[in-house]
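Chemist: Just passing along the structure, written as structure tokens.
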Amino acid sequence: MYLYVGSYEQASKPGIHRYRYDVESGALTYEAGFAGLENPSFLTANRAGTALYAVGETSEGAVVAFGIGSEGELRPLGRRETGGAHPCHLTLSADETRLFVSNYSGGSVAAFPVLADGSLGARSRLTAHEGNGPRADRQEAPHPHSVNLSPDGRHLLVPDLGIDRVAAYAIEGDRFERVASIALANGDGPRHMAFHPTLPVVYVVNELSCTVAAFRTADGDPAAYTALGTVSTLPAGFDGDNACAHIHVSPDGRFVYASNRGHDSLAVYKVQDEGRLEPVGFAPTNSKTPRHFAIAPDGRFVLVAAQDSDAIRVFAADAATGRLEEAHRYDSIRRPVCLTFVR
């Protein structure tokens with residue numbers, strides 16, 4: 001299995017890095033870097049492991065498709081403008097015929113057809129969000145921060161940090177229509193989200209309020225999502241600066257993790273009845289600014305990209321308690337911000 005790492009880097013220097021991942025030990029072996037794209041800050045791959053997609057998080061806004069060779073090497077397949085500044089997240093549709101991208105500064109969501117060879121066709125949709133939030137420093141305008149498929153693949157859910165809402169789009173066939181808007185508390189700043197693998201529950205991590213909000217989902221109807229409760233990502237008494245970044249549910253559905261930048265930790269929760277969360281503790285990342293993290297497909301290891309320590313940390317996850325213990329550390333990768341497994 002390979003691990004591809006996206007980073008903030010100049011186009012003239014390697015910004016996408018490839019590691020070989022040892023599934024038994026969780027260890028990483030560096031193999032290669034790829035230059036040519038400025039700030040490839042978020043990556044996603046198709047299920048077959050034959051194509052990788054990366055945003056170019058700049059004011060011009062770009063997305064690039066790569067073919068993946070038999071030894072993990074990357075071959076550029078083409079570049080498309082996203083139609084908005086600072087694209088920061090992307091995901092494929094369930095049938096992998098479309099790629100969706102969120103433009104953070106552009107306040108919009110773009111869609112591209114995926115062609116037979118994995119390359120991208122001309123942009124087919126560009127939908128703008130409207131509004132603002134109570135924090136003038138961060139919520140002066142819409143800021144779509146991620147694009148997420150519902151488990152049935154019929155809806156695209158877009159947390160918008162700028163307007164404290166999750167926009168829901170129907171994406172069946174050629175349809176791309178906003179059908180619901182899920183409200184968060186004023187000033188929450190929703191950023192990323194994760195669906196539970198078996199329960200009808202979704203979790204939204206709020207960057208600005210440093211909380212995780214849980215919602216009960218409804219089959220095929222995002223307008224019917226109902227709030228289950230909100231928990232803090234920080235220990236009682238913490239009064240330093242902090243901003244949340246990413247969230248994951250463990251593959252077995254027993255635990256939820258959310259990353260804190262400032263407290264520099266992963267908040268750990270146990271999933272209770274009906275999907276409500278019980279805080280378990282806080283796992284120090286032993287590094288600065290854990291922006292993004294990934295859970296290995298078998299759930300045994302959690303890998304953290306520490307942006308301001310130029311580091312990746314690998315933690316062994318206790319299957320019974322969800323607690324994390326550092327197993328490996330890698331300190332020679334510049335400003336890593338996204339981790340993507342590819343088989």
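Chemist: For the subset of segment 208-263 comprising residues that are among the polar types (S, T, N, Q) and outside any strand (DSSP E or B), which member is farthest from Gln139 (Cα to Cα)?
Modeler: Ranking the qualifying residues of segment 208-263, first place goes to Ser250.
Chemist: Give the residue that is surrounded by the fewest Cβ atoms within 10 Å (Cβ to Cβ), with candidates limited to residues of segment 97-106 that are touching a strand residue (DSSP E or B) at 6+ places or on another chain (Cβ under 6 Å) and outside any strand (DSSP E or B).
Modeler: Thr97
Chemist: Oh, and also: Filter segment 45-63 down to residues that are over 20 Å from His143 (Cβ atoms) and of a type in the set (Ser, Thr, Tyr) and give me whichever is surrounded by the most Cβ atoms within 10 Å (Cβ to Cβ).
Modeler: Tyr53
Chemist: Select, from Phe282, Phe293, Phe301, the only residue that is touching a residue at least 60 places away in the same chain (Cβ under 8 Å) and over 14 Å from Gly253 (Cα atoms).
Modeler: Sole residue among the options that is touching a residue at least 60 places away in the same chain (Cβ under 8 Å) and over 14 Å from Gly253 (Cα atoms): Phe301.
Chemist: Please count how many residues of segment 300-322 are surrounded by fewer than 16 Cβ atoms within 10 Å (Cβ to Cβ) and either among the small types (Gly, Ala, Ser) or under 19 Å from His246 (Cα atoms) (or both).
Modeler: So the answer is 3.
Chemist: List the residue pairs whose Cβ atoms are under 8 Å apart, where the first residue sits in segment 244-256 and is at negative phi, the second is buried (at least 24 other Cβ atoms within 10 Å of the Cβ) and part of a loop (DSSP other than H, G, I, E, B), and the two are 6 or more positions apart or on different chains.
Modeler: Once the first residue is at negative phi and sits in segment 244-256, its partners that are buried (at least 24 other Cβ atoms within 10 Å of the Cβ) and part of a loop (DSSP other than H, G, I, E, B) give Cys244/Thr233.
Chemist: Quick one: in segment 152-168, which of the residues that are free of Cβ contacts under 8 Å to residues at least 40 places away in the same chain and part of a loop (DSSP other than H, G, I, E, B) is farthest from Tyr225 (Cα to Cα)?
Modeler: Ile163
Taken together, the values in this text are just the output of simple stated rules run on the coordinates, not laboratory data. All figures in this text were calculated on a predicted structure; none of them were measured in a lab. Note that we place each Cβ from the backbone using ideal geometry, even for glycine, and neighbour counts take in every protein chain shown.
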